[in-house]
Amino acid sequence: MGWTPASKPWWPKKPDVVLLAGSSRAAGRLEALGLKVVALEPKTHAQMRTVIDRLAQVLQVPDAKPLWQGIDTAIEAAANVLPASARSAQVFFPVSNAPHGAGEASFIGETMARLGVKNIVPAAMGVFPKLSPEFVVRANPDVIIASDETARDMAKRPGWQHIRAVRENRVCRFSPEQIDVLVRPGPRMAEGAQLMAKCLKDKAP
């Protein structure tokens with residue numbers, strides 16, 4: 001039996017505010033129960049900064065600037081550890097098995113740009129566009145950043161055994177816990193940048 005607004009609430013105590021992704025369909029049902037709902041779904045660095053400021057207002061935190069400044073400084077520090085040779089690398093970051101790729105316009109793409117590498121998915125294609133396998137083969141990335149699950153069967157896809165990153169074992173494989181940090185915009189974005197920087201330092205040609 002599905003949850004409905006008339007169902008007994010699942011929370012032990014009525015929350016002051018409920019934070020949801022903007023794409024969630026639950027907002028209306030929760031508001032019907034008299035709950036304050038704040039929808040947040042940042043996809044870029046600028047939107048993440050706005051979300052931090054919004055949450056500070058909601059939670060009555062007097063000054064959220066140090067949080068973003070800390071993230072920004074840590075991303076810059078991650079960029080500084082990369083050797084010059086890594087900065088010319090062509091990189092692909094699939095965010096699903098479809099594959100959907102992190103485009104230049106996404107927060108992941110912006111982090112990659114700040115690290116100094118080239119994303120194979122241009123901003124014109126969207127934030128997280130669905131890509132054909134042929135597109136990735138033609139782009140021929142030097143490095144692929146992916147989850148363990150996504151990386152496992154890459155060489156079995158038609159033509160992918162010829163991609164430079166696959167052929168030369170320049171694929172960074174991340175655990176579910178690590179990929180969760182990489183693909184979720186939030187306070188751990190700096191940690192995600194550090195994971196990418198270490199990957200690129202180790203794998204870039």
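The values are calculated or read from the model by the stated rules, or taken from the named source; none is laboratory data. These numbers come from a predicted model, not from an experiment. Quick reminder, even Gly has a Cβ in these numbers, built from the backbone with ideal geometry, and neighbours come from all protein chains shown. Ligands, DNA and RNA are excluded from the accessible area calculation, which covers all protein heavy atoms including side chains. Shrake-Rupley method; radii C 1.70, N 1.55, O 1.52, S 1.80 Å.
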Query - Test for residue 98: is it out of contact with any Ser or Thr (no Cβ under 9 Å at 6 or more places or on another chain) and open to solvent by 20 Å² or more (accessible area, probe 1.4 Å) - result: yes
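With the requirement that a residue be touching a strand residue (DSSP E or B) at 6+ places or on another chain (Cβ under 6 Å) and assigned to a helix (DSSP H, G or I), what does the stretch 149-182 give you?
Narrowing the stretch 149-182 to residues touching a strand residue (DSSP E or B) at 6+ places or on another chain (Cβ under 6 Å): 150-151, 165, 170-172, 174, 179.
Result: 150, 151, 165, 179.
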**Report entry** Every pair of residues 6+ apart whose Cβ atoms lie under 9 Å, when the first sits in the stretch 54-75 and is in a helix (DSSP H, G or I) while the second is loosely packed, with under 11 Cβ neighbours inside 10 Å
**Finding:** 56/62; 56/63; 58/16
Query raised in the report: Do we find that residue 185 is modelled with pLDDT under 95, within 13 Å of the chain's Cα centre (by Cα), part of a loop (DSSP other than H, G, I, E, B) and not hydroxyl-bearing (Ser, Thr, Tyr) in this structure?
Result: yes
Query raised in the report: Among the residues of the stretch 81-95, how many are part of a strand (DSSP E or B) and open to solvent by 10 Å² or more (accessible area, probe 1.4 Å)?
Result: 1
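Yes/no per residue for (1) within 16 Å of the chain's Cα centre (by Cα); (2) open to solvent by 50 Å² or more (accessible area, probe 1.4 Å):
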{"site": "102", "(1), (2)": "yes, no"}
{"site": "113", "(1), (2)": "yes, yes"}
{"site": "127", "(1), (2)": "yes, no"}
{"site": "135", "(1), (2)": "no, no"}
